[in-house]
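Written out below as structure tokens is the structure these notes cover.
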């Protein structure tokens, strides 16, 4: 893994980071000296996650934040700012998967008209509205600082279009559109917004074990997110805005990016 400058001391909040992709990103950033707020909706899981990534190089704390609840968000951000002075980077990662509406979504896709209305709303509220609410709440800190970064975690195009993937697919298609528009809205304020996706199904717990044994899909490890996350939080990516990076192909993307010239 390459060395990236400017990460030490950065104050970073990662939503939904008690496991999976979020925890892998938190671990990588803390080892580089960042101050990371791990968030979730279960205090026991938060406590275990914080304990598992603590490192002398950086700092880590936890906060109960429900990304669907504006009051919960405001309190969590205020507590973070009180602890570390402000906020430098938001990584929107919190989300729930198709298993919440259909545990057998990989092996037995459910047509959209059989998806419950409540299941649809809950997933959209978490995966899409949650990204909006977090960004809306954190931007005032960025504007006061005169800078900031938002990294929105996304999924592959095939997942957005796969048969039986409503409402998960539409929620992440919305994430992509939201990010592009946010990037344009914030560009003049020196706040960047970029998308990061693993590049395929990942071993995060969103796929039930029973379904996993019935599919030939090769799952990526959550650690695939580590290096591109370090890059997006580092000085090396200064000025990079409105770009989508696929973690699996990051090295190839970075080589092309350097050849074309940095932003």
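Summarising the label geometry, the points placed 7 Å from Cα in the beta-carbon direction at residue 5 and residue 240 lie 1.6 nm from one another.
The modelled label-to-label distance for the pair residue 79/residue 147, using points 7 Å beyond Cα in the direction of Cβ, is 2.8 nm. Taking every DSSP bridge with both residues inside the chain, close to 0 percent are antiparallel.
The candidate values are [x] 43, 17, 16; [y] 28, 21, 19; [z] 27, 25, 17; the one derived from this structure for semi-axes √(5λ) of the Cα gyration tensor in Å carries the label [y]. Taking square-rooted eigenvalues a ≥ b ≥ c of the alpha carbon gyration tensor, is the range 214-258 rounded, prolate or oblate, where a/c under 1.5 means rounded and, failing that, a/b exceeding b/c means prolate? Note, shape of the range 214-258 comes out prolate. Once C-alpha pairs closer than 8 Å and six or more residues apart are averaged by separation and normalised to the residue number of the range 11-260, the relative contact order reads 19 percent. Report summary: the helix-based calculation at 222 nm, which adds -39500 (n - 2.57) for every DSSP H run with n ≥ 4 and divides by the residues of the chain, gives -12500 deg cm²/dmol. Available extension along the chain between residue 136 and residue 118 is 4.0 nm, counting 0.36 nm per residue and deducting the alpha carbon span. Once the Cα atoms are used to define both axes, helix 20-31 deviates from the longest principal axis of the chain by about 20 degrees.
Extension gain for residue 218-residue 71 works out to 49.0 nm (0.36 nm per residue, less the C-alpha to C-alpha distance). The peptide list 33-45, 237-249, put in order of mean Cβ contacts within 10 Å with the highest first, becomes 33-45, 237-249. Once you order the gyration tensor axes a ≥ b ≥ c over the Cα atoms, which shape class does the range 40-93 get: rounded for a/c under 1.5, otherwise prolate or oblate by comparing a/b with b/c? Cα axes put the range 40-93 in the oblate bin. Compared with the dominant principal axis of the Cα atoms in the chain, helix 43-53 is inclined by about 60°.
Computed over the range 95-170, relative contact order equals 45 percent, with contacts defined as Cα pairs under 8 Å that lie 6+ residues apart. Under the rule a/c < 1.5 gives rounded, and otherwise a/b versus b/c splits prolate from oblate, where does the range 1-40 land using the Cα gyration tensor? Oblate is the answer for the range 1-40, as a/c is 1.5 or above yet b/c matches or exceeds a/b.
All of the numbers you see were taken from the coordinates with simple rules; none came from a lab. The shown structure was predicted, so the numbers you read here are calculated from the model rather than taken from an experiment. Glycine also receives a Cβ, built like all others from the backbone with ideal geometry; neighbour counts cover every protein chain displayed.
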